[in-house]
Amino acid sequence: MDLKLKKLKLSRKAVLFSLISVLFSVLFITIFSQNFNTLYEDRIPGSNIRIKVIDTYVRNFETYLGDSTQVSTYRTLDAITNYSYNKHKFFADFNSFNKTFHDCMICNRVDCSNVGSDSCGLGLYYLDARLRNITTLSNQQLNINTTYHINSISIEQRLAFEVEVTINISYNITDNSDEKYYAKWSKETIITQPVSIIGLLEPTGNINDSTDRYNRTIKRYKGICESNDACWNAVNTEEFYKDYSFRLYQNSTSFLQRYWNDNSPSSCCGIETILHPSELPVPPDGNRSYIEHYYWNDAYTCSGGKTISVYNISYDNVSLDSGTAARYGLTDSDVVGIVCR
Amino acid sequence: MFKSLKKKGYYFIIDAFIGSTIIFLSLMIILNEGVRPTKIQYNYEMVEEYSSFILNTKIEEVNNPYFTMLIDDKRINDTSLTIMDQIDLFYFSGNPGDLQRARGMIQNLTEQLIPGKYGFSYNIIDQSTTTNIYNRTIDTDIKDAKLIIASKKITFLQINSTTMFGPAMTEIKVWI
């Protein structure tokens, strides 16, 4: 009887200790279950890697858009100069220029609404073609679908030797490999890109010139008088003249304004250069001042009441008005002849 | 008798600990089997990490004697370019010497980053033309490989104001 009672007590204790054991197990599992969950999520390799791939593509897409905008803008400006040169016609105003710029970037024609309108001659370098290249490639090679819509394109100038292009674009990037589109990027963004104008044809002279002698491209003057108007003299002027470069001059007109023949001064972006007789129609009109934006616009001429003198600069006879000659530190001793006074 | 029961009590407590530890460890082992990344996943991540490194790392951030030599020799003139950009630039030039330099760059990086047991190739696919920049062979030919993993990245580079390389595809393959 005593033995039975002992056994019963012991088995009761065994049950109790088993329960304690289960409780410990539950406690351990509860504490560590958080870690298991986290690790379990990492077990989905396909979606994780796929999202990384698409994410990299999305970042690339915007960088590509920026780079393509720069190249397309540069080529479009060059194409518009050539187009205007062929027509020998300036744009009516900024809006007219901006619309042509926009249309060339979008459809490689001067007027997207007119299928028969002139080509801008950009080949596959207009913006829409550039974007189609990357969307086709991503579709074929990465199984990523990209749709986009360019909402607006505008161009302006804040610095003398660069223009600024702003693009408003909406795009959707989705993963083609899953019908439910578990990975989707939708965004509307504004991208602003600075584009250097160095190396582009100067518009005013090119559009005005019908002799093909004038091919002046934009080159930035970097001599000692670059930021000091007081330092000009005959020596520095000759250096500037021989350099075929342009310099910032606030009373001059900006690069973009030249497309619609706007001669009003641009305090941020006015540029000017001195023309060489060799790039002017034969014979050069000595009655005009050879400052490029004066020459092509009949602004500083004998008939306009200016005093024009001929100066010897680097063995060339260069006609300049008296005001300009004074600005460049030229004196009467540099004069080799007077055209009108 | 009480002493004997007390001893048995200790025994049962220890037994409970042992029991619960066994249950816990068993669960850990079972669950960890599922958590551990598969071999394919590991290889895939390795290739992805490698291609992301090439895509995003600037030359100025790499400390490698071969890169330094190219910089000193003025073969690399812009260290703010990423490694992939510089490979593209060498590829775009079309010069055999530059292609050799691109090969050298990838070879130097790959030796350090991808274990020698893996075969490796770096290709540029440009308008359906595939150019092999670097190929590392192992005993197993790629055709006979048990496992081939490829990572593709779109690549491009603005060469100057008027010219752009790409978009093209950089394809990195690893096999074993």
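Read-outs throughout are calculated quantities, based only on the coordinates presented, and are distinct from any laboratory measurement. Predicted model only: the values in this text are computed from it and were never measured. A quick note on method: Cβ atoms are made from the backbone with ideal geometry, for glycine too, and the neighbour counts reach across all protein chains shown.
Sequence neighbours fewer than 8 away in the same chain don't count; with that in mind, list the aspartates and glutamates whose C-alpha is under 16 Å from A:Lys222. Candidates past the 8-residue exclusion: A:Glu162, A:Glu238, A:Glu239, A:Asp243, A:Glu272.
Here is what passes the span test in chain A: the DSSP H helices with alpha carbon length of 18 Å or more along the helix axis and a Kyte-Doolittle mean of 0.0 or above are A:2-41, A:94-107.
Between helix B:83-93 and chain B there is an angle of about 30 degrees, using the helix long axis and the longest principal axis of the Cα atoms.
Where nothing but the Cβ of Lys and Arg (+1) and of Asp and Glu (-1) is charged, how large is the charge dipole of chain B around its Cα centre, in debye to the nearest 20? The calculated dipole for chain B is roughly 1240 debye. Label positions at A:Thr217 and A:Ile31, each projected 7 Å from the Cα along the C-beta direction, are separated by 7.4 nm. Against the longest alpha carbon principal axis of chain B, how many degrees, from 0 to 90 and to the nearest 10, is the axis of helix B:2-35 turned? Taking the Cα atoms of chain B, the angle to B:2-35 is about 20 degrees. Pairs of lysines in region B:25-167 whose Cα atoms sit within less than 21 Å of one another amount to 10, provided the residues are eight or more positions apart or on different chains. Working from label points 7 Å from Cα in the Cα-to-Cβ sense, the A:Thr166 to B:Ile13 distance is 7.7 nm.
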